[in-house]
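Below: the structure, in structure tokens.
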Amino acid sequence: QGSRGAREQGSKGAVENEKFLSCAPLDAKTLQSLRKMAGERANEVLAEIINNYLAEAPQLLQAMRAAVATGDACRLQQAAHTLRSASANLGAIALSELCKALEVMGGAGTTTGALAGVLQVEAAYETVKAALQIERERLEK
């Protein structure tokens, strides 16, 4: 019975992760708040924030992958924390939540099983990246 319970729990977790990934990649309210804070130069400022995020995120994803490959839980925690925060700031809530799980794992001193989480983060990032690129194009018009 123990393995059946684990299978049921595993499929429940997969369903919850699918829910995260099927949500809109960006929270419109967060982007609107950023526009309000930026004032008159909102389009310019938001485009710069997006550009910085798109430049930094691949480096953080690579750091997470390297941390898992070398078993460096501290590095996993740091990279996941940085990407989590940056993603949340731009309204990429689902991506931020996936990063949070890796941050917690790293904080617990382990990378065991983290590769699956990194793969989920990478997939979610691709969706966020596409949405941010569309947003940036709108801002530059």
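The values are calculated or read from the model by the stated rules, or taken from the named source; none is laboratory data. These numbers were taken from a predicted model, which means no experiment stands behind them. All Cβ positions, even for glycine, are placed from backbone atoms using ideal geometry, and neighbour counts span all protein chains on display. Remember, those area values only see protein heavy atoms, side chains included, never the ligands or the DNA or RNA. Shrake-Rupley method; radii C 1.70, N 1.55, O 1.52, S 1.80 Å.
The table below lists the values:
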{"read-out": "Criterion violated by LEU61 - all others in (1) more than 17 Å from the chain's Cα centre (by Cα); (2) modelled with pLDDT of 95 or more; (3) of a type in the set (A, V, I, L, M) satisfied", "value": "(1)"}
{"read-out": "Condition check for GLU135: part of a helix (DSSP H, G or I) and at pLDDT below 95", "value": "yes"}
{"read-out": "Residue in the range 105-131 that is least open to solvent (accessible area, probe 1.4 Å), counting only those that are farther than 22 Å from TYR53 by Cα and of a type in the set (A, V, I, L, M, F, W, C)", "value": "ALA114"}
{"read-out": "Only listed residue being over 16 Å from the mean Cα position of the chain (by Cα), open to solvent by less than 40 Å² (accessible area, probe 1.4 Å) and modelled with pLDDT under 95, chosen from ALA6, ALA38, ALA67", "value": "ALA38"}
{"read-out": "Scope the range 97-120; condition over 15 Å from CYS74 (Cβ atoms) and either over 11 Å from the mean Cα position of the chain (by Cα) or among the aliphatic types (A, V, I, L, M) (or both); matching residues", "value": "LEU98, ALA101, GLY113, LEU115, ALA116, VAL118, LEU119"}
{"read-out": "Among the candidates ALA92, ALA73, residue that is within 30 Å of GLY113 (Cβ to Cβ), in contact (Cβ under 8 Å) with a residue 60 or more places away in the chain, of a type outside the set (Ser, Thr, Tyr) and crowded, with 16+ Cβ neighbours inside 10 Å", "value": "ALA92"}
{"read-out": "Residue that is modelled with the lowest pLDDT, among those in the range 15-25 that are part of a helix (DSSP H, G or I) and among the aliphatic types (A, V, I, L, M)", "value": "VAL15"}
{"read-out": "Subset tally (residues that are open to solvent by 20 Å² or more (accessible area, probe 1.4 Å) and aliphatic (A, V, I, L, M)) for the range 48-62", "value": "4"}
